[in-house]
Amino acid sequence: MSDDLRYAPGWPGIEPRWTSSAKTGVGTALNLQSRVWFTLSHGILNEIYFPRVDQACTRDFGLIVTDGRGFFSEEKRHCSFANRPFEPGVPAYELTNTCMQARYRIEKEVLTDPRRNVVLQKIRFVPLQGNLRDYRLYALLSPHLGNGGCGNNGWLGDYKGKPMLFARHHSVALALGSSAPMPKRSVGYVGVSDGWQDLSQHFQMAWEYERANNGNIALTAEIDLAASNGEFVLALGFGAIWAEAGQQVVSSLLTPYEKSRKDYVSQWQNWQRTLTKLDENPREKDLYRASVAVVRTHESKDFLGGIIASLSIPWGFNKGDEDLGGYHLIWPRDLVESAGGLLAAGAHDDALRVLHYLEATQEAEGHWSQNMWLDGRPYWSGQQMDETAFPILLVDLLRRESPKSFGEKNRWWPMVRKAASFIVGNGPVTQQDRWEEDGGYSPFTLAAEISALLIAADLAESIGQAEPAEFLRQMADTWNENIERWTYATGTDLARQFGVDGYYVRITPLDGDGAASPLEGFVPIKNRVTSNAPAVAIVSPDALALVRFGLRAPDDPRILNTVKVIDALLRVNLPDGTGWYRYNYDGYGEHEDGSPFDGNGIGRPWPLLAGERAHYELAAGHVQSAESLLAMMESSTGTSHLIPEQVWDANDIAERELFAGKGTGSACPLVWAHSEYIKLRRSLPDGRIFDQPAQTADRYLRKKTSAQYFNWRFNNKPRTMPQGKKLRILLLDSAMVHWSFDNWQTTQDIHSKDSGWNLHYVDLPTEALAAGRQIVFTFFQKNNGQWEGRDYAVSVE
């Protein structure tokens, strides 16, 4: 080959894309030493992550088979696949890929070297027609180092005389080596000079390019089948520089594969033996051990306790470098749900690490980022109040389930105090609901906030802060008593259509003056061409959080009415059970023709919601219904043991791999869904909702505590108030309230008090006022010595 051919032509290659999110396996060694994670789909390796679980470094890594003359077969496209873990709860996999023309079979074992940053594949090539001499086998690797397909550099080289292929981008490098000889190697630009183009045209390697710089590249190596007798090990190693990656590969190949396999498996077995045996009565498709392994696999090894949402990029085959984060980010809500799953399984120390991580990543103001990289840097900039409440709920769950690991009662107080102060100062409205789309009053968010305030009150009281504790309880009582005022719609077309007096809406937007009514306002519909819809037209299973968190009884007429409307609008029958949509008009999912979500689409059913509904059915005493919904979650996994974010709900579209009741192109696995499954496995034998806070159920279901106060604040300025309540005015700074009950004929002044929660308040004695009376007031701000310059009025209903 002449020198001018040593550099691959076709710079920079085609626009890079990620790959299928329909994973069939995820894995990593269960230690801190091996900092590499792998994913599987379509019989091959997909994204491999290094050195952190939020840093993808490959697109995919598979094999191509030819006969050197006219036969071309790529295993991910031209094989049928079988995939099974070594044993339940051990994320190492046996893959069997069988040529659809019945010409060959490829058998693989996939795991990571527990001592090194290396992914190992033990491979056996089996001719089904002819013999080994009739075939040629090639490895094809697509580096996407540092979360990007652009800007990668690849070259041929060796480490201490061991031939390899290398790639690097920024401060990350990889090396590919084999236990079998690699007689030919090449690096090229994807879509132009890569190995796929070469082999599909020539059926053997006609190109042997030595280098491709600063582009979307692919590495190709021929495997000498005859020299290896069809059995060999591929080692893909990682490091900060090429030499480190190469040394990792050589060291791994020099270690007997069986030893690496044994040590990898035993680490997972040892951990699984410490867990609660929730699978003593195994189910037909039992996901318990797989689910706890999924949760644990997604944990960082540098930022302990940081568990990402998913080792996948939803609709990744349709996305490029612009989607840096995918789902390999931290969502505080998902993280707490994951910790709850670990606690349900008896993994107390693992859940405690999550709480330590949350403590370290809390923002100075008391909240957490909408989502973030493992090191705490925000990714998106939204603010979700439930994500500030959830860590407080985790503190309480740990205290109840693992008092020994919880430590001293004031250990977590600084974190809880900051979070509770943020909720007090900024709630009950949220900038975004849990679906990260709309702001206002959300039943789910309200349930989380109120629960968190009561938990924080208990902790405050336990360390001698009785007055601040009572203020939190009073605020929780007021918010709880106003849930229906804010989110329960009556007398609507939907109510009449389904024969109910009312129902909880998905979310109530704020009006221009900060007060809210579910009968007013429009909700922006994200991800759909439709721009908005009346708030009263949108419902969601989110309302069942009022039961999950212990604020409303499962047989409360308002809950039963809402369930009726939810089931009429959002319930769907699937081949293996019942599913639910997030809300009507949801646009987060494939288009009608099955094409991928591209900013618009149609929302599909979430197995997670079947788990949440099962918890409601359990609370209502419908154990059989809860069991059937557990089975639905299990069936959604198809041939894998991974629960998808969404499942397909229309006729099968085989060419798009969309089959009714099975995963779509959305995230898979969804760690949150696996956590919900684990909690449901715990809740069913316990006969109660595992993660329901005791404080809310005791206060509102058993004691039926009512509110003494009705709140007015600048982010919620109601114009009317119920009779028999004191009007509590909440202020961010110290002030004097100048007020009157008789339209300024007589006036009084009251100086605000410090609540102890970064909020000041004034209580006006309105509890004896008759209906129709009006309270008017204004403020003198002490911090700047100025009057508000505006009067406010509240009328008694």
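Table for the structure above
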read-out	value
Cα-projected label distance for Ala631 with Glu280, points at 7 Å along beta-carbon direction, nm	2.3 nm
All Cα pairs of the range 246-355, percent lying beyond 20 Å	56 percent
Contour minus Cα-Cα distance for Asn31 and Asp698 (0.36 nm per residue)	236.0 nm
At q = 0.14, 0.20 Å⁻¹, base-10 log of I(q)/I(0) for the range 313-442 (Debye sum, equal scatterers on each alpha carbon)	-0.65, -1.17
Förster radius 60 Å - calculated FRET efficiency between Trp744 and Asp224, Cβ distance, rounded to 0.05	0.05
More than 26 Å apart - percent of Cα-Cα pairs taken over the range 514-643	29 percent
Note, ³J(HN,Hα) from phi for the range 178-195, Karplus 6.51, -1.76, 1.60, rounded to Hz, x at Gly and Pro	9, 6, 9, x, 10, x, 9, 9, 7, 10, x, 8, 4, x, 10, 10, 7, x
FRET efficiency estimate (nearest 0.05) - Cβ-Cβ, Thr639 to Glu592, R0 25 angstrom	0.45
Radius ratio Rg over Rh of the range 390-535, counting only Cα atoms, Kirkwood formula for Rh	1.07
Along principal axes, Cα extents of the range 176-323, largest first, whole Å	57, 41, 36
Cα-only radius of gyration and Dmax that characterise the range 78-208, units Å	16.5, 46
P(r), alpha carbons of the range 216-264 - 5 Å bins starting at zero, rounded %	5, 16, 18, 24, 21, 12, 4, 0
Between the range 157-208 and the range 606-626, the alpha-carbon center distance in angstrom	51 Å
Contour minus Cα-Cα distance for His751 and Leu128 (0.36 nm per residue)	215.5 nm
Relative intensity, log₁₀ I(q)/I(0), of the range 648-797 from a Debye sum that treats every alpha carbon as a point, q = 0.14, 0.17 Å⁻¹	-0.78, -0.98
Equivalent ellipsoid semi-axes - Cα gyration tensor, the range 580-647, angstrom	26, 15, 7
Mean separation of Cα contacts under 8 Å, 6 or more apart, over the residue count of the chain: relative contact order %	10 percent
For the range 339-380, diffusion coefficient by Stokes-Einstein and Kirkwood Rh (Cα), 4 °C, 1.567 mPa s, µm²/s	115 µm²/s
Highest average packing first - 32-45, 676-689, Cβ atoms within 10 Å	32-45, 676-689
Where only C-alpha atoms are counted, convex hull volume of the range 644-719 per residue in Å³	223 Å³
Candidate lysines - alpha carbon under 27 Å from Lys277, same-chain residues fewer than 8 apart omitted	Lys23, Lys262, Lys285, Lys301, Lys404, Lys679
J(HN,Hα) series, the range 134-142, from Karplus relation 6.51 cos²θ - 1.76 cosθ + 1.60, nearest Hz, glycine and proline x	7, 10, 10, 10, 9, 9, 10, 10, 10
Lysines whose Cα lies under 27 Å from that of Lys184, excluding same-chain neighbours fewer than 8 positions away	Lys76, Lys108, Lys122, Lys160, Lys162
24 Å Cα-Cα reach of Lys725 towards lysines, excluding residues that sit fewer than 8 places from it in its own chain	Lys703, Lys704, Lys717, Lys753
The range 504-572 and the range 298-339: distance between their alpha carbon centers, rounded to Å	28 Å
HN-Hα J in Hz across the range 105-122 - Karplus 6.51, -1.76, 1.60, θ = phi - 60°, x for Gly and Pro	9, 10, 10, 10, 10, 10, 7, 10, 5, x, 10, 9, 8, 9, 9, 10, 10, 8
Rounded FRET efficiency, nearest 0.05, which uses the C-beta distance separating Asn784 from Arg719 and R0 of 41 Å	0.95
Two-decimal Rg to Rh for the range 602-690 - Kirkwood Rh, Cα set	1.01
Per residue accessible area of the chain, 1.4 Å probe, in Å²	36 Å²
Charged-residue dipole, Cβ positions (Lys, Arg, Asp, Glu), the range 694-797 about Cα centre, Debye nearest 20	480 debye
Given charges at beta-carbon only (K, R positive; D, E negative), |dipole| of the chain in Debye	1420 debye
The chain, accessible surface, carbon-and-sulfur percent (1.4 angstrom probe)	48 percent
Amide H contacts under 5 Å for Gly25, placed H, 5+ residues apart	Leu40
Measure of compaction for the chain (Cα Rg per 2.2 N^0.38 Å)	1.05
Extension gain from Gln624 to Arg411, taking 0.36 nm per residue of separation minus the Cα-Cα distance	72.6 nm
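The values are calculated or read from the model by the stated rules, or taken from the named source; none is laboratory data. Quick caveat: nothing in here was measured; it's all calculated off a predicted structure. Note: ideal-geometry Cβ built from the backbone for every residue, glycine included; neighbour counts use all protein chains shown. Just so you know, the surface numbers come from the protein's heavy atoms only, side chains and all, with ligands and any DNA or RNA stripped out. Shrake-Rupley method; radii C 1.70, N 1.55, O 1.52, S 1.80 Å.
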